[in-house]
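The values are calculated or read from the model by the stated rules, or taken from the named source; none is laboratory data. Predicted model only: the values in this text are computed from it and were never measured. Backbone-built Cβ (ideal geometry, glycine too); neighbour counts: all protein chains shown. Heads up: the accessible areas ignore ligands, DNA and RNA and are worked out on the full protein's heavy atoms, side chains in. Shrake-Rupley method; radii C 1.70, N 1.55, O 1.52, S 1.80 Å.
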Amino acid sequence: MRKPAILMASILFVLSGCTAQKSVSTEPQTTSSQTESVIPVEPSDEETQKVEDAMRLLIGETEVPVTWENNASVEALKELSPVTIQMSMYGGFEQVGPIGQSIVRNDVQSETSYGDIVLYSGNQIVIFYGSNSWAYTRLGHVDLSQQEMREMLGSGDVAITLE
């Protein structure tokens, strides 16, 4: 009886040493972010349409790059275009001009900075080359530096054209 008990204990001892061991690799491990490749995404038809439908802004004769908001006021301006608006300097930080009629608005108290394009009182467009705080409807942002904005807007009245 003693031999089978010793035999059984020996088998259990041997088997306990055969449990799975975690292997330690000296190879560098990669994370999923290191192995994933970036696949360029083609613009959707909707995004292409937005680019084609984008309204152009000219200050004087110079077209400037603008990122337009996606709202009803911008859509209303598109319906009015092409339109040229005579702007006037105001306060040493903005140019203001009447658009000729009232359009839909959603005024929100906000801080503006250089390059911001806003709708004021539903019937005036304002382009900032400085900053201000008031209730406006955001229309877009001219993608130029503050220096470029001051050079274009800070030396006298200008005309802008929306096309």
Worksheet, complete the sentence: In the range 125-144, residues that are open to solvent by 50 Å² or more (accessible area, probe 1.4 Å) and under 14 Å from P65 (Cα atoms) total 2
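When you look at T161, is it surrounded by 14 or more Cβ atoms within 10 Å (Cβ to Cβ) and out of contact with any Phe, Trp or Tyr (no Cβ under 8 Å at 6 or more places or on another chain), yes or no?
yes
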Item to complete: Output the residues belonging to the range 145-158 that are open to solvent by 70 Å² or more (accessible area, probe 1.4 Å) and part of a helix (DSSP H, G or I).
Response: Q147, E148, R150, E151
Worksheet item: Which number in (1) closer than 17 Å to G60 by Cβ; (2) not in a strand (DSSP E or B) marks the one condition that I117 misses?
Response: (2)
Worksheet item: What do you reckon, is S110 at pLDDT below 95, in contact with a Phe, Trp or Tyr (Cβ under 9 Å, 6 or more places away or on another chain), of a type outside the set (A, V, I, L, M, F, W, C) and in a strand (DSSP E or B)?
Response: yes
Worksheet item: Which residue pairs have Cβ atoms under 7 Å apart, sit 6 or more places apart or on different chains, and have a first residue in the range 106-123 that is at positive phi and a second that is in a strand (DSSP E or B) and open to solvent by less than 10 Å² (accessible area, probe 1.4 Å)?
Response: G115/F128; G115/V142
Worksheet item: Out of all the residues in the range 72-93, which are over 18 Å from G115 (Cα atoms) and assigned to a loop (DSSP other than H, G, I, E, B)?
Response: S81, P82
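Going through G100, G122 one at a time, which residue ends up being open to solvent by 40 Å² or more (accessible area, probe 1.4 Å) and either in a strand (DSSP E or B) or more than 22 Å from P65 (Cβ to Cβ) (or both)? It would help to see each step written out before you state the result.
Details: G122 fails: open to solvent by 40 Å² or more (accessible area, probe 1.4 Å).
Step by step, each of G100, G122 is checked, and only G100 is open to solvent by 40 Å² or more (accessible area, probe 1.4 Å) and either in a strand (DSSP E or B) or more than 22 Å from P65 (Cβ to Cβ) (or both).
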